[in-house]
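Asker: Before anything else, here's the structure in question.
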Amino acid sequence: MTPDSLDGNAYPVPAATPAGPLLAIESSCDETACAILAPDGTVLAERLVSQEDHVAFGGVVPEIAARAHLALLPDLARKTLESSGLARSDLAAVAASTGPGLIGGLIVGASFGKGLAIALGKPFIAVNHIEAHALSARLPGVFDGHLTFPYLLLLVSGGHCQCLAVEGIGHYRRLGGTIDDAAGEAFDKVAKMLGLGWPGGPALERLAREGNPAAFALPRPLKGRAGCDFSFSGLKTAIARQLEPYGSAPLPRQVAADLAASFQQAVADVIEDRIIHALAMMERPTALVAAGGVAANATLRSRLTALAGSHGLPFVAPPLRLCTDNAVMVGWAALEICREAGRRSLPLPDNRAMRPRPRWPLAEMAERFGAV
Ligand code: KG4
Ligand code: ZN
């Protein structure tokens with residue numbers, strides 16, 4: 001049987017809102033996570049393991065990540081179900097990040113989710129990981145008053161760096177993104193140069209508190225340029241150049257702190273400038289939203305809060321556990337997709353025939369509803 005022959009009506013076509021809770025799975029990078037959400041978005045249980053096997057390598061090793069997901073996921077799903085107090089048969093749907101991301105991990109999570117869905121005779125909802133980040137700010141309780149479309153999303157993590165106009169469910173307009181490194185990747189690489197551990201972002205931020213952000217004149221790549229693309233590799237090179245005089249000698253702590261603070265300031269300056277451009281590319285945005293691990297950075301957050309305020313907009317950032325990779329956002333995105341299908345009198349999607357995709361452009365998400 002080919003996977004495609006699984007599509008169609010061999011399984012019950014459910015009504016457009018799951019009649020009960022759904023289990024969501026995240027495994028696109030180095031977090032293995034499960035969550036169970038009620039149809040209204042209430043989180044009934046969640047469990048997450050941040051894989052530590054990568055620390056020794058100073059970055060995520062895809063093959064190790066895939067094997068770790070395989071080892072962790074079955075038990076994590078069982079424990080999540082147990083802590084929700086539900087039985088497997090109570091689940092009305094299963095959702096999983098099915099792309100974009102590291103293909104090995106995506107295959108593990110999506111195959112596990114599909115297998116469970118097939119065994120239960122319930123639909124499988126394939127969630128685009130970036131779409132899940134984009135919608136996470138709409139989770140109940142994140143923003144007082146509920147976030148309405150369109151809003152500007154700045155997604156800044158170890159793997160992503162982009163500005164998206166979130167115009168509706170399935171409607172995401174990419175306004176710009178990085179032309180080289182992601183913001184988190186730049187933090188990690190600079191942290192490594194300064195002799196800090198991995199992931200480098202939090203360590204660099206701590207060290208930067210002891211430093212002078214004006215100590216080093218670093219470039220502000222693409223600042224002032226039309227559009228809202230980003231570039232961080234020049235900044236990384238500029239730091240490497242500042243380190244050259246020290247050779248292999250240990251770097252004085254104050255120099256490291258000054259470099260960390262100057263780098264962080266340069267990144268914040270650049271992001272602020274890019275966001276000003278991105279806001280100008282949208283018609284009446286309702287909010288500035290930030291997600292991804294770098295959105296945890298206090299300097300960046302305060303700059304974005306002030307910037308949003310100067311445009312008369314709220315700044316919304318989900319709490320950290322929902323900003324970084326997690327399964328709650330995957331479950332929430334699945335619920336949003338189901339609700340949108342219902343609003344359009346379409347059946348709930350059942351994507352058990354979909355193959356995981358290392359790349360899955362957001363521009364394709366509108367097709368799910370049969371109209372662009
Ligand atoms: O979203 P995330 O947990 O994972 C993905 O990359 O998908 O983001 C991790 C990234 C890492 O590059 C990490 O160094 C960075 O976010 N990060 C930070 C901070 N906390 C995490 N960067 C700057 N400042 C932070 N406080
Ligand atoms: Zn992510």
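Asker: Which numbered condition trips up LEU152, out of (1) in contact with a Lys or Arg (Cβ under 8 Å, 6 or more places away or on another chain); (2) closer than 19 Å to ALA363 by Cα; (3) more than 16 Å from ligand 1 (Cβ to nearest atom)?
Answerer: Against the list (1) in contact with a Lys or Arg (Cβ under 8 Å, 6 or more places away or on another chain); (2) closer than 19 Å to ALA363 by Cα; (3) more than 16 Å from ligand 1 (Cβ to nearest atom), LEU152 comes up short only on (1).
Asker: While we're looking at this one, here's another question. Which ones in segment 311-340 are of a type in the set (A, V, I, L, M) and under 27 Å from ARG284 (Cβ atoms)? Steps first, answer last, please.
Answerer: Looking only at segment 311-340, we keep the residues that are of a type in the set (A, V, I, L, M), and these are 313, 316-317, 320, 322, 327-330, 333-335, 337.
Listed by number, the residues that qualify are LEU313, VAL316, ALA317, LEU322, MET329, ALA333, LEU335, ILE337.
Asker: Among what's in segment 257-287 and is out of contact with any strand residue (DSSP E or B) (no Cβ under 8 Å at 6 or more places or on another chain) and closer than 21 Å to HIS133 by Cβ, pick the residue that is nearest to ligand 1 (Cβ to nearest atom). Full working, then the answer.
Answerer: Step one: filter segment 257-287 for residues out of contact with any strand residue (DSSP E or B) (no Cβ under 8 Å at 6 or more places or on another chain), giving 257-269, 272-273, 276, 280, 283-284.
Going one step further and asking which of them are closer than 21 Å to HIS133 by Cβ, we end up with 267-268, 272.
Details: VAL267: 8, ALA268: 10, GLU272: 15 Å.
For segment 257-287, the residue satisfying everything is VAL267.
Asker: Among GLY331, GLY312, which is the only one that is outside any helix (DSSP H, G or I) and either more than 22 Å from GLN265 (Cα to Cα) or out of contact with any strand residue (DSSP E or B) (no Cβ under 9 Å at 6 or more places or on another chain) (or both)? Give the derivation first.
Answerer: Numbers: GLY331 fails: outside any helix (DSSP H, G or I).
When all the criteria are applied, what remains is GLY312.
Asker: Taking the criterion of being in contact (Cβ under 8 Å) with a residue 24 or more places away in the chain, of a type in the set (Val, Ile, Thr) and out of contact with any Ser or Thr (no Cβ under 7 Å at 6 or more places or on another chain), would at least one residue in segment 246-259 satisfy it?
Answerer: Checked against the condition, which is being in contact (Cβ under 8 Å) with a residue 24 or more places away in the chain, of a type in the set (Val, Ile, Thr) and out of contact with any Ser or Thr (no Cβ under 7 Å at 6 or more places or on another chain), segment 246-259 yields no hits at all.
Asker: Could you please find all residues in segment 109-125 being among the small types (Gly, Ala, Ser), crowded, with 22+ Cβ neighbours inside 10 Å and more than 16 Å from ligand 2 (Cβ to nearest atom)? First the steps, then the outcome.
Answerer: If we filter segment 109-125 for residues that are among the small types (Gly, Ala, Ser), which is where we start, we get 109-111, 113, 115, 117, 119, 121.
If we keep only those that are crowded, with 22+ Cβ neighbours inside 10 Å too, we end up with 109-110, 113, 117.
GLY113, ALA117, listed by residue number.
Asker: Can you tell me which condition VAL270 does not meet? The list is (1) in the same structural domain as LEU222 (by TED's automatic domain parsing); (2) in contact (Cβ under 8 Å) with a residue 60 or more places away in the chain; (3) part of a helix (DSSP H, G or I), and all the others hold.
Answerer: Here VAL270 meets the rest and fails (2).
Asker: Scan segment 288-307 and report the pairs whose first residue is more than 23 Å from ILE130 (Cβ to Cβ) and whose second residue is assigned to a helix (DSSP H, G or I), with Cβ atoms within less than 6 Å and a gap of 6+ or a chain change.
Answerer: THR299/GLN264; THR299/ALA268; ARG303/ALA268; ARG303/GLU272
A quick yes/no check of all residues on (1) of a type in the set (Phe, Trp, Tyr); (2) more than 22 Å from VAL60 (Cβ to Cβ):
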site: ALA183; (1), (2): no, no
site: GLY200; (1), (2): no, no
site: ALA208; (1), (2): no, yes
site: PHE216; (1), (2): yes, yes
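Asker: A further question follows. Take the conditions hydroxyl-bearing (Ser, Thr, Tyr) and within 16 Å of ligand 1 (Cβ to nearest atom) and apply them to SER111. Does it pass?
Answerer: Numbers: hydroxyl-bearing (Ser, Thr, Tyr): yes; within 16 Å of ligand 1 (Cβ to nearest atom): no.
Judged against the criteria, SER111 is not a match.
Asker: Which of (1) away from ligand 2 (no atom under 16 Å from the Cβ); (2) assigned by TED's automatic domain parsing to the domain that holds GLY168; (3) at positive phi is the odd one out, the single condition SER345 does not satisfy?
Answerer: Looking at each condition in turn, SER345 falls short on (2).
Asker: Residues in segment 26-41 that are under 16 Å from LEU81 (Cβ atoms) and surrounded by fewer than 24 Cβ atoms within 10 Å (Cβ to Cβ): how many?
Answerer: Counting residues in segment 26-41 that are under 16 Å from LEU81 (Cβ atoms) and surrounded by fewer than 24 Cβ atoms within 10 Å (Cβ to Cβ) gives 1.
The values are calculated or read from the model by the stated rules, or taken from the named source; none is laboratory data. Since this is a predicted model, take the numbers as computed values, not measurements. Cβ atoms come from the backbone with ideal geometry, glycine included; neighbour counts cover every protein chain shown.
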